[in-house]
1. Per 0.36 nm of contour for each residue apart, how much would the distance between Lys125 and Ser73 grow if the chain were fully extended, relative to their Cα-Cα spacing?
2. What distance in nm separates the simple spin-label points at Thr114 and Met82, each placed 7 Å from Cα in the Cβ direction?
3. What's the FRET efficiency of Ser52 with Glu138 using the Cβ-Cβ distance as r and R₀ = 30 Å, to the nearest 0.05?
4. Pop a pseudo-label 7 angstrom from the Cα along the beta-carbon direction at both Lys95 and Glu29 and give the gap in nm to one decimal.
5. Using 10 Å bins from zero, what percent of all Cα-Cα pairs in segment 48-159 falls into each bin?
6. Could you do me a favour and compute the accessible area per residue for segment 68-135, 1.4 Å probe, result in Å²?
7. Give, in nm to one decimal, the length gained when the segment between Phe105 and Val61 is fully stretched (0.36 nm per residue of separation minus the Cα-Cα distance).
8. Please tell me which of these pairs span more than 23 angstrom C-alpha to C-alpha: Lys95/Lys150; Lys95/Lys125; Lys66/Lys150; Lys66/Lys144?
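The values are calculated or read from the model by the stated rules, or taken from the named source; none is laboratory data. Quick caveat, the model's predicted, so the values are computed rather than measured. Cβ coordinates were reconstructed from backbone atoms using ideal geometry, including for glycine residues, and neighbour counts include every protein chain displayed. Surface accessibility is based on the protein's heavy atoms, side chains included, excluding ligands, DNA and RNA. Shrake-Rupley method; radii C 1.70, N 1.55, O 1.52, S 1.80 Å.
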Amino acid sequence: MAKGHKKGIENNRYLDYLIQFGFAESLFEMLDITTPAIKFMNREIPRLPDISRFKQVDQIVITDAKMVELHESIGKLTTLEMLVLTNNRIKTLPKEIGMLKHLEFLNLTGNAITDFPSDISYLDKSNGGSLYRLAVREEEIGEKNYKRLKELLPTTIID
């Protein structure tokens, strides 16, 4: 019923019920695999499911979703240029994040991340990556993590 709803994802009460009962991955099943952008704001998505089937996606924006975890399949999105995960509950990033060689912008503000994998260094231009800017708040991630990011990403603007 959620897929057959005439209004698609927006204002889809069947989809809202699925999410409420713990089936947030249903949101992603409703998207066309050729979509260039995945955008969800104010939808509860506790965990990013396996999204490796979206081979052409270049933008992911998931904000205010109460997300706590990213699936390691994020590393398979080789065309991804922008990843915005603001105001969620993410504490760690999978090491596969370092495989996103085309990622130019990463916004993690509003997340109290306590552990950044050393593989994130592969995003930096000095290591063959494309990352231009990483948005984080020192007061959210801590001074130690902030300094570590500066070392791991020496050519990336971090603010």
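1. Details: separation 52, 0.36 × 52 = 18.72 nm, distance 2.23 nm.
In short, 16.5 nm is gained.
2. 3.2
3. Details: r = 33 Å, r/R0 = 1.09.
Approximately 0.40, to the nearest 0.05.
4. According to this spin-label approximation, the distance is 3.2 nm.
5. Going out from 0 Å in 10 Å bins, segment 48-159 shows 16, 53, 30, 2 percent.
6. 42
7. Numbers: separation 44, 0.36 × 44 = 15.84 nm, distance 1.12 nm.
Value of the extension gain: 14.7 nm.
8. Details: Lys95/Lys150 17 Å; Lys95/Lys125 18 Å; Lys66/Lys150 27 Å; Lys66/Lys144 25 Å.
Beyond 23 Å: Lys66/Lys150; Lys66/Lys144.
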